[in-house]
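Here is the structure we will look at.
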Amino acid sequence: IENMKQILLIVALFCGSALAQDNRIAQFSIWQPKETQAAAFQRGYQQHIKWRKSAGDPWEWHGWYFASGPRLGHFMEASFNHAWADFDSPVDPVEQNIDLHQNVYPFGDVRSTFKAFFLKDQSIANSGSLRSKMIRMMTISVRDVPAAIRIIDRYKNSFRSNSDVSTLMVFKVIDGGNANQLIMLIGSNSWEQYGKTENIQDQLANIENGLKLKETIERITSETLIFQQDM
């Protein structure tokens, strides 16, 4: 009996680990409000959130506006911690499409939708990470994804437990975009805290050189996202 208990415990731990691995898919969508329609887009999107809740949508959604970069004024929505099977059973897709056409599409256009895999071991996150006042979104184009992950892993490990950087969420793009891209979301609740990462490109380059990895990182794009509590 004791051996059987041990076997069941091992099986339970294995299944739990597999489940945790499976629930690592995030979906992002970028919206562009139509010219002069930003306020109407926001109201329409808020109305769509009400529809999702009334329809029993089990997904948790988060929203941000871009405050810098070429996508200034665009809106990003995202849902995290999904298994692939979740996408086989979205909440009432027909009715959702009807609601979108009534409340959102008249005022904004979807510019991109992509899925990404959460790199938990290279990340620092807690229950409030996605609700940071600001998020610095770093889109990193690379030549060698495994080598780039090694660089980011070393960057993550450079932070002490009392570091000013408490949110560093790293994703690998899987579908809907450049599959040789990694995305880093670095949260902060003030511009002073934001400034702690002002030299991130130099830090990553120094780590790359220290690991003797040549031309791994091709390009880094930095954009600022402002969290929207009601979206």
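The values are calculated or read from the model by the stated rules, or taken from the named source; none is laboratory data. Because the structure is predicted, anything quoted here is derived from the model rather than measured. Positions of Cβ are generated from backbone atoms using ideal geometry, with glycine treated the same way; all protein chains shown enter the neighbour counts. The area values use the complete protein model at the heavy-atom level, side chains included, leaving out ligands, DNA and RNA. Shrake-Rupley method; radii C 1.70, N 1.55, O 1.52, S 1.80 Å.
In the range 197-216, the residues that are modelled with pLDDT of 95 or more and among the charged types (D, E, K, R) form Cβ pairs under 7 Å with partners that are surrounded by 15 or more Cβ atoms within 10 Å (Cβ to Cβ) and outside any loop (DSSP other than H, G, I, E, B), at six or more places apart or across chains, as follows: Glu208/Ile151; Glu208/Ile217.
What are the residues in the range 70-108 that are open to solvent by 40 Å² or more (accessible area, probe 1.4 Å) and either under 29 Å from Lys120 (Cα atoms) or in contact with a Lys or Arg (Cβ under 6 Å, 6 or more places away or on another chain) (or both), if any? Let's see the steps before the verdict.
Within the range 70-108, the subset open to solvent by 40 Å² or more (accessible area, probe 1.4 Å) is 70-72, 81, 84-90, 92-95, 97-98, 101-102, 105-107.
Those that are open to solvent by 40 Å² or more (accessible area, probe 1.4 Å) and either under 29 Å from Lys120 (Cα atoms) or in contact with a Lys or Arg (Cβ under 6 Å, 6 or more places away or on another chain) (or both): Pro70, Arg71, Leu72, Asn81, Trp84, Ala85, Asp86, Phe87, Asp88, Ser89, Pro90, Phe107.
In the range 24-48, the residues that are within 23 Å of Asp92 (Cβ to Cβ) and aliphatic (A, V, I, L, M) reach residues that are open to solvent by 10 Å² or more (accessible area, probe 1.4 Å) and assigned to a loop (DSSP other than H, G, I, E, B) with C-beta atoms within less than 7 angstrom, at least six apart or across chains, in these pairs: Ile25/Ala83. Gly44 fulfils the conditions (1) in a helix (DSSP H, G or I); (2) open to solvent by less than 20 Å² (accessible area, probe 1.4 Å); (3) touching a His at 6+ places or on another chain (Cβ under 8 Å) except for a single criterion, (3). The residues listed here are Arg71, Arg52, Arg111, Arg131; of these, the one that is in contact with a helix residue (DSSP H, G or I) (Cβ under 9 Å, 6 or more places away or on another chain) and of a type outside the set (A, V, I, L, M, F, W, C) is Arg52. Scanning the range 65-90 for residues that are touching a strand residue (DSSP E or B) at 6+ places or on another chain (Cβ under 6 Å) and in a strand (DSSP E or B) yields Tyr65, Phe66, Phe75, Met76, Glu77, Ala78, Ser79, Phe80, His82. Residues in the range 89-118 that are without any contact (Cβ under 8 Å) to a residue 60 or more places away in the chain and more than 20 Å from Trp51 (Cα to Cα): 0 in all. For the range 57-66, name all the residues that are open to solvent by less than 50 Å² (accessible area, probe 1.4 Å) and not aromatic (Phe, Trp, Tyr). Across the range 57-66, the qualifying residues are Asp57, His62, Gly63.
Can you find a residue that is touching a Ser or Thr at 6+ places or on another chain (Cβ under 8 Å) and hydroxyl-bearing (Ser, Thr, Tyr) anywhere in the range 200-218? No, the range 200-218 contains no residue that is touching a Ser or Thr at 6+ places or on another chain (Cβ under 8 Å) and hydroxyl-bearing (Ser, Thr, Tyr).
So which residues in the range 124-135 are of a type in the set (A, V, I, L, M), open to solvent by less than 40 Å² (accessible area, probe 1.4 Å) and within 12 Å of the chain's Cα centre (by Cα), if there are any at all?
Step one: filter the range 124-135 for residues of a type in the set (A, V, I, L, M), giving 124-125, 130, 134-135.
Next cut, open to solvent by less than 40 Å² (accessible area, probe 1.4 Å) only: 130, 134-135.
Leu130, Ile135 - these are the residues of the range 124-135 that are of a type in the set (A, V, I, L, M), open to solvent by less than 40 Å² (accessible area, probe 1.4 Å) and within 12 Å of the chain's Cα centre (by Cα).
Evaluated against (1) of a type outside the set (Asp, Glu); (2) at pLDDT 95 or above; (3) over 15 Å from Ile124 (Cα atoms), Gln193 falls short on exactly one condition, (2).
Quick one: count up the residues across the range 91-146 that are acidic (Asp, Glu) and either touching a Cys at 6+ places or on another chain (Cβ under 7 Å) or in a strand (DSSP E or B) (or both). Write out each step before concluding.
Let us first name the residues in the range 91-146 that are acidic (Asp, Glu), namely 92, 95, 99, 109, 121, 144.
Of the ones still in play, those that are also either touching a Cys at 6+ places or on another chain (Cβ under 7 Å) or in a strand (DSSP E or B) (or both) are 109.
Total meeting the criteria: 1.
Among the residues that make up the range 23-38, is at least one of them at pLDDT 95 or above, part of a helix (DSSP H, G or I) and open to solvent by 90 Å² or more (accessible area, probe 1.4 Å)? Checking the range 23-38: not a single residue is at pLDDT 95 or above, part of a helix (DSSP H, G or I) and open to solvent by 90 Å² or more (accessible area, probe 1.4 Å).
Residue-wise test of (1) over 13 Å from the mean Cα position of the chain (by Cα); (2) among the charged types (D, E, K, R); (3) at pLDDT below 95.
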position: Ser112; (1), (2), (3): yes, no, no
position: Gln122; (1), (2), (3): yes, no, no
position: Met137; (1), (2), (3): no, no, no
position: Arg143; (1), (2), (3): yes, yes, no
